[in-house]
Amino acid sequence: MTNRNLLIKFNRFSVNEVLAEWEKADKSKEVVVLESANSDWSIEVDGIQNISHQVFETFLFKLDEFDNEVQLFCKEAYEKSNYGIENYLVTLEWISVLENSITMGYWGDHVNVELRAVIEYENGGWKQKEIYYQ
């Protein structure tokens, strides 16, 4: 049974809020937790030792854009399917950083699904490479 009140949400991350959380985070820890002031989101970040903080900030500046691409992927998958929208609602839970790539990990809000988005750093900028269900 599909809940008609459920929607795929876009524009979930304010650049200013994300960067403010990054600014005050303890970057000496193995895992950094970024959390919105009103608890709309909480993201664990691991591997920041693998990248310069300035380069990671350029990723964070585009976080909402990359998340919107994931949400669009889910929306399009939902529109092509016979399943309810609850199967396609996902939330960004963690970010894993390597030297030239970042994996964004999503968990389903209502059903047990995992989704990954891989972003790579090339030619001085971040580009979405793939989005897939785990």
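Scan (1) assigned to a helix (DSSP H, G or I); (2) within 19 Å of G125 (Cβ to Cβ); (3) of a type in the set (F, W, Y) for the single condition F73 breaks and write down its number.
Against the list (1) assigned to a helix (DSSP H, G or I); (2) within 19 Å of G125 (Cβ to Cβ); (3) of a type in the set (F, W, Y), F73 comes up short only on (2).
Pairs under 8 Å by beta carbon, first residue at positive phi in the stretch 37-49, partner modelled with pLDDT of 90 or more, six or more apart or different chains?
Within 8 Å, the pairs are G47/S96; G47/V97; G47/L98.
Name the residues in the stretch 20-41 that are under 17 Å from the mean Cα position of the chain (by Cα), exposed (fewer than 14 other Cβ atoms within 10 Å of the Cβ) and part of a loop (DSSP other than H, G, I, E, B), would you?
If the condition is that a residue be under 17 Å from the mean Cα position of the chain (by Cα), exposed (fewer than 14 other Cβ atoms within 10 Å of the Cβ) and part of a loop (DSSP other than H, G, I, E, B), then S39, D40 are the ones that fit.
Filter the stretch 42-54 down to residues that are at pLDDT 95 or above and open to solvent by 20 Å² or more (accessible area, probe 1.4 Å), then give me how many there are.
So the answer is 3.
One line per residue, one yes/no per condition, for (1) assigned to a strand (DSSP E or B); (2) open to solvent by 50 Å² or more (accessible area, probe 1.4 Å):
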site	(1), (2)
E57	no, yes
D64	no, no
Y78	no, yes
N82	no, yes
E86	no, no
I95	yes, no
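Specify the residue that is farthest from E130 (Cα to Cα); the eligible residues are those in the stretch 97-114 that are open to solvent by 50 Å² or more (accessible area, probe 1.4 Å) and under 14 Å from the mean Cα position of the chain (by Cα).
Only one residue fits best here, namely D109.
The values are calculated or read from the model by the stated rules, or taken from the named source; none is laboratory data. Computed from a prediction, not measured in an experiment: that's the story for all the values here. Using ideal geometry, Cβ is built from the backbone for each residue, glycine included, and neighbour counts are taken over all protein chains shown. The accessibility values were calculated without ligands, DNA or RNA, using every heavy atom of the protein model including side chains. Shrake-Rupley method; radii C 1.70, N 1.55, O 1.52, S 1.80 Å.
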